[in-house]
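Report on the following structure.
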Amino acid sequence: MCQYPRQIERQIRSQIRQITYLNSKDRVMTRHYVSCSIIVHQLQATAKILDSSSSAGTARKTSSNNITQTSFPKSYEILINNSRLLTQSYQNEIRKWQLRQYDDSTMISITDINLPKFQKLINRAEPTTENYAKARDLYIKSLQSEMESYRHFRNFVAASNPAEDRISTQLLSNALIYESNSFAAFNNVTGNKSDNHI
């Protein structure tokens, strides 16, 4: 049996501890709770994808369609892992800003550097067969929503506009919903139907 569930549990607990130490403002707590939820879902998805792709990897590939279907779980896993790493990295920068280790102009610059990285992930999402198209498309929507959230967060930092902060938080929540739906669509194809979502 693979060790991924233990690693996931440790990372979830670490994220929960980090939430406890955050600034007590409700808006900030909501933003990081949603972000941590995205990370947790990504970790769980990776574990299930690894499990399903290892069994899919043993299947015999007899046609080009089968090759595409068995290679998508691996590319999906890579996309999730890269997204998780980028999200964690950017959220760590936000924490430094919240702790006043960065001023507003530094946080804006960091955001400007990270936004193209999210676009690059979106652009690298590989085309797939019709079976996996829904999972792929929903995950791309999740990344787009997360990227837009950070764009509005940048505007909030630049102008101290509470409306931008609300939009940013809502977009981050939407990203989580798209991501969960993507995982459910993936599970429907692979047969991992133990949960409604990963």
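What length, rounded to one decimal in nm, is gained on full extension from SER109 through to GLU130, with 0.36 nm per residue of separation minus their alpha-carbon distance?
Details: separation 21, 0.36 × 21 = 7.56 nm, distance 3.93 nm.
Once the chain is fully extended between SER109 and GLU130, it gains 3.6 nm.
Could you sort the peptides 151-159, 177-185 by per-residue average Cβ neighbour count (10 Å cutoff), highest mean leading?
Peptide ranking by packing, descending: 177-185, 151-159.
Determine the gain in length on full extension of the stretch LEU85-LEU99; use 0.36 nm per residue of separation and subtract their C-alpha separation, reporting nm with one decimal. Walk me through the numbers on the way to the answer.
Numbers: separation 14, 0.36 × 14 = 5.04 nm, distance 2.12 nm.
Full extension of this stretch gives 2.9 nm more.
Could you rank the peptides 83-92, 123-132 by their average count of other C-beta atoms within 10 Å per residue, with the highest value first?
Top to bottom by mean Cβ count within 10 Å: 83-92, 123-132.
Read-outs throughout are calculated quantities, based only on the coordinates presented, and are distinct from any laboratory measurement. Owing to the predicted nature of the structure, the values given are computational and were not obtained by experimental measurement. Counting neighbours? That spans all protein chains shown, and the Cβs are built from the backbone with ideal geometry, glycine included.
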